[in-house]
Amino acid sequence: MIDVMALNGAKDLLMKMTPAERGLFLLFGYASNQVNVLWKLVIVATNETPENPIEQRVSGAQTQIVVRLLIGVLFEAWRLVQGRLLGSELGKEFVPQLDHAATAALDRLKKAFGGSNMISTVRNDFSFHHPRPADMEAAFQAAVKSGTMEDQDWGIYFTKTLLNTFFFVSDYVFAHGIALAVKDEDVNEAHKKLLMSLTPVANDFSEVAFDFARILFVKYLGPELGMTIVAQIKDPPNIDDLRLPFYTDVSPGLLRTYGQSDSDSSPSG
């Protein structure tokens, strides 16, 4: 069972904060929510490798889509730390008060995003922004010249419902573009390194964000926090037992099928 506890007097706490404190607190909370949701999706998406070769390819590409979203969110979280904390008057008050763990995490974030790094490169060219035409053509040519492409890697997979359609070749070419951008000839190895680099960044951001919140709590509420259990989640699933298949049975009416007009009110499944 999971006990969900709510902080007592959260609205009163927010009202006591200065606008700068309140804004950064809310933004850190929002960024933390995004990181947690996307990281859970990455875990669930990688829990199982389908046996069918087509489903295996599509499932892998789906995971990479979530990873690229996470990269963009982590980069924006760093910009939040950099601009709203380190580069502000607020930071002069709060950074010296960070505990040892948060201070060490902040130092690691500075190193992770300092100079040229994989996360920034992928975010700028392939995650939050679409690649330039020249970069897409370079990615396509790299995929063609890789010598490892099978017919299934060129796949554009259709089903009767739009929601289950997947342009696999688009993601395959994208993967080669990312490998080029991070200067790694092995596409699979490039993505493995990229995913591994995200774990410490996500952890370090959470360390800084949560300690910033701790300082605010102490400032306005004192060292003791009042919590109330507001929900008890019975028998929550183990995250390692969950799956995120791409191909799913689609309920009629969710998205129209191929060839169906907008006026057709009875789509098939």
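Condition first: free of Cβ contacts under 8 Å to residues at least 12 places away in the same chain and more than 27 Å from the chain's Cα centre (by Cα). Can you find one or more residues in region 223-244 that meet it? Yes; the residues of region 223-244 include at least one that is free of Cβ contacts under 8 Å to residues at least 12 places away in the same chain and more than 27 Å from the chain's Cα centre (by Cα). Does any residue of region 146-169 turn out to be of a type in the set (Gly, Ala, Ser) and part of a helix (DSSP H, G or I)? No, that holds for no residue. With respect to (1) farther than 30 Å from ALA101 by Cα; (2) out of contact with any Ser or Thr (no Cβ under 7 Å at 6 or more places or on another chain); (3) surrounded by fewer than 16 Cβ atoms within 10 Å (Cβ to Cβ), the lone exception for ALA175 is condition (3). Among residues of region 182-203 that are in contact (Cβ under 8 Å) with a residue 60 or more places away in the chain and assigned to a helix (DSSP H, G or I), those with a Cβ under 8 angstrom from a residue that is among the basic types (Lys, Arg) and surrounded by fewer than 20 Cβ atoms within 10 Å (Cβ to Cβ), sequence gap 6+ or separate chain, pair up as PRO200/ARG108.
Working only within region 28-54, note down all residues that are modelled with pLDDT under 95 and either farther than 18 Å from LEU198 by Cα or of a type in the set (Phe, Trp, Tyr) (or both). Passing the criteria: TRP39, GLU48, THR49, PRO50, GLU51, ASN52, PRO53, ILE54.
With a requirement of 2 or more residues that are aliphatic (A, V, I, L, M), the helices (runs of 4 or more DSSP H) lying completely within region 1-102 that satisfy it span 10-16, 19-45, 53-80. Every condition in (1) closer than 18 Å to GLN56 by Cβ; (2) touching a Gly at 6+ places or on another chain (Cβ under 7 Å) is met by ALA139 except one, and the failing one is (1). Scanning region 213-269 for residues that are hydrophobic (A, V, I, L, M, F, W, C), more than 26 Å from VAL44 (Cα to Cα) and at pLDDT below 90 returns a single hit, LEU225.
Filtering region 118-135 to residues that are in contact (Cβ under 8 Å) with a residue 24 or more places away in the chain and over 11 Å from PHE75 (Cα atoms) leaves ASP125, PHE126, PRO131, ASP135. On inspection, ASN188 does not qualify as farther than 20 Å from LEU74 by Cα and touching a strand residue (DSSP E or B) at 6+ places or on another chain (Cβ under 9 Å). Residue check: PRO131 meets all listed conditions (1) on the phi > 0 side of the Ramachandran plot; (2) at pLDDT 85 or above; (3) not hydrophobic (A, V, I, L, M, F, W, C) but one, namely (1). Is region 46-54 home to any residue that is among the β-branched types (Val, Ile, Thr) and touching a residue at least 60 places away in the same chain (Cβ under 8 Å)? Yes: region 46-54 contains one or more residues that are among the β-branched types (Val, Ile, Thr) and touching a residue at least 60 places away in the same chain (Cβ under 8 Å). Given the conditions (1) in contact (Cβ under 8 Å) with a residue 60 or more places away in the chain; (2) not aliphatic (A, V, I, L, M); (3) not in a helix (DSSP H, G or I), which single one is not true for TYR172? Failing condition for TYR172: (3).
The values are calculated or read from the model by the stated rules, or taken from the named source; none is laboratory data. Since we're looking at a predicted model, the values are computed, not measured. Here the Cβ is made from the backbone with ideal geometry for all residues, glycine too, and neighbour counts use every protein chain on show.
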